[in-house]
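Structure record follows, encoded as structure tokens.
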Amino acid sequence: MNEASRIRILFAGTPDFSVPPLQKLIDAGLPPVAVLTQPDRPAGRGRQLLASPVKMAAAVSGIPVHQPATLRSEAAFELVSGLKPDLMIVVAYGLILPANILQTPRFGCWNIHASLLPRWRGAAPIQRAIEAGDLESGICIMQMDEGLDTGPVISRRVIRLEEAETGGSLHDRLSELGASALLSCVQRLCRGESVEAMRQSEFGITYAKKLDKAEARINWSDPAEALERRIRAFNPWPVTWCMVGAERTRIFKAHNIREEHHQPPGTVLAAGKQGIDIATGKQVLRLLELQRPGKRRMSAADYLNAVSLPARLDHET
């Protein structure tokens with residue numbers, strides 16, 4: 001029996017971000033003994049129950065799936081302890097792990113966190129990094145403790161943010177990066193090598209608060225640079241929006257063209273094939289891709305063929 005076969009892994013994850021790390025373990029011959037994921041949720045217009053991406057990926061590989069509504073119950077503790085995990089891997093699971101769960105695996109619980117800790121602890125590190133104008137992001141493989149992303153870091157990998165980086169593109173890049181880093185750490189553990197964790201710095205701590213749909217509403221008094229970053233960060237969710245006349249219009253892509261103006265924020269300065277130029281609190285934002293209610297996403301040129309713009313876009317209804 002090789003060392004790898006002695007490592008019993010329990011995997012906990014729910015959304016798309018969690019699938020590449022799970023698949024990487026499966027493909028490397030290190031399938032978890034079981035998967036924990038959140039209960040099926042109603043989705044779509046018919047509100048049919050929908051399995052999580054992790055549940056669907058586990059099912060394809062024949063891995064047992066458990067879906068407790070909480071890990072704070074005695075039943076959940078008995079479930080986890082009964083699986084006798086040596087290591088629990090947690091990737092965007094969405095449920096808090098209490099102390100008794102954290103202490104159950106002999107190698108503890110590892111988490112893939114999508115930031116360069118201690119920067120952007122919390123729920124939305126990917127979007128907050130883009131919104132803040134960070135030049136770098138990355139992932140940390142963290143030994144979990146009872147704090148909010150406060151545990152020591154086992155592995156850290158850094159990437160540069162692209163000029164047109166969106167929440168969606170960075171999500172996908174960090175998911176793959178995290179999968180690769182995680183597999184490397186697990187393989188070291190399986191070989192019996194030392195896997196050390198380094199305490200996080202007490203400096204540079206920031207918190208990535210959960211995304212709120214209310215934040216997605218554009219305030220044209222903000223600077224164009226900040227608005228461009230927020231539009232990229234909130235693409236594909238929750239997607240920024242504004243009122244164009246009586247229509248709530250979503251904005252998926254825009255660019256700060258760094259021109260000065262002397263008009264009230266929200267004023268339409270120009271509109272044509274290149275885009276729709278809007279006065280902001282500082283400089284001009286060119287809208288490039290928009291979506292009307294119930295319609296597909298479209299270029300500014302196509303949008304202008306269907307809509308008569310008012311003289312001013314107001315962030316108030």
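Quick rundown of the values:
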| quantity | calculated |
| --- | --- |
| Scattering curve values for region 213-306, log₁₀ I(q)/I(0), Debye with Cα scatterers, q = 0.14, 0.18, 0.20 Å⁻¹ | -0.43, -0.73, -0.92 |
| Label-point gap, in nm, between Ile96 and Glu225 - each point 7 angstrom along Cα→Cβ | 3.8 nm |
| For Arg229, Arg199, order by how many other beta-carbon atoms lie within 10 Å, fewest first | Arg199, Arg229 |
| Hits among lysines - C-alpha to C-alpha of Lys273 under 27 Å, sequence gap 8 or more where chains match | Lys253, Lys282, Lys295 |
| All aspartates and glutamates inside 16 Å of Lys24 as judged from Cα atoms, apart from same-chain residues fewer than 8 positions distant | Asp16, Asp172, Glu176 |
| Under-5 Å amide H pairs with Asp314, H placed in peptide plane, nonlocal only | Met243, Gly245 |
| Charge dipole magnitude, Cβ of K and R +1, D and E -1 - the chain, Cα centre, debye nearest 20 | 600 debye |
| Kyte-Doolittle at least 0.5, axis length at least 15 Å by Cα - qualifying DSSP helices, the chain | none |
| Under 17 Å from Lys84, Cα to Cα: lysines that are on another chain or at least 8 residues apart | none |
| Whole-Hz couplings from phi, Karplus 6.51/-1.76/1.60, listed for region 117-130; x for Gly and Pro | 4, x, 6, 6, 5, x, 7, 10, x, 5, 5, 5, 5, 5 |
| Under 5 Å, built H, 5+ apart or other chain: amide partners of Ile154 | Ile141, Met142, Gln143, Met198 |
| Farthest toward positive dipole pole in region 124-177 [+1 Lys/Arg, -1 Asp/Glu at C-beta], among Ile130, Leu177, Gly147 | Leu177 |
| Distant alpha-carbon pairs in region 58-201 (separation over 29 angstrom), percent | 20 percent |
| Backbone N within region 151-172 under 19 Å of label point (7 Å from Leu135 Cα along the Cβ vector) | 157-166 |
| Principal axis dimensions, the chain - Cα atoms, whole angstrom, descending | 72, 47, 32 |
| Per-peptide average of other Cβ atoms within 10 Å, ordering 100-110, 259-269 highest first | 100-110, 259-269 |
| Positive-end residue, region 229-317 charge dipole about Cα centroid, Cβ charges, pick of Ala246, Ala301, Pro236 | Pro236 |
| Note, ³J(HN,Hα) from phi for region 287-296, Karplus 6.51, -1.76, 1.60, rounded to Hz, x at Gly and Pro | 7, 10, 9, 9, 8, 7, x, x, 10, 7 |
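All of the numbers you see were taken from the coordinates with simple rules; none came from a lab. All of these numbers come straight from a predicted model, not from anything done at the bench. Positions of Cβ are generated from backbone atoms using ideal geometry, with glycine treated the same way; all protein chains shown enter the neighbour counts.
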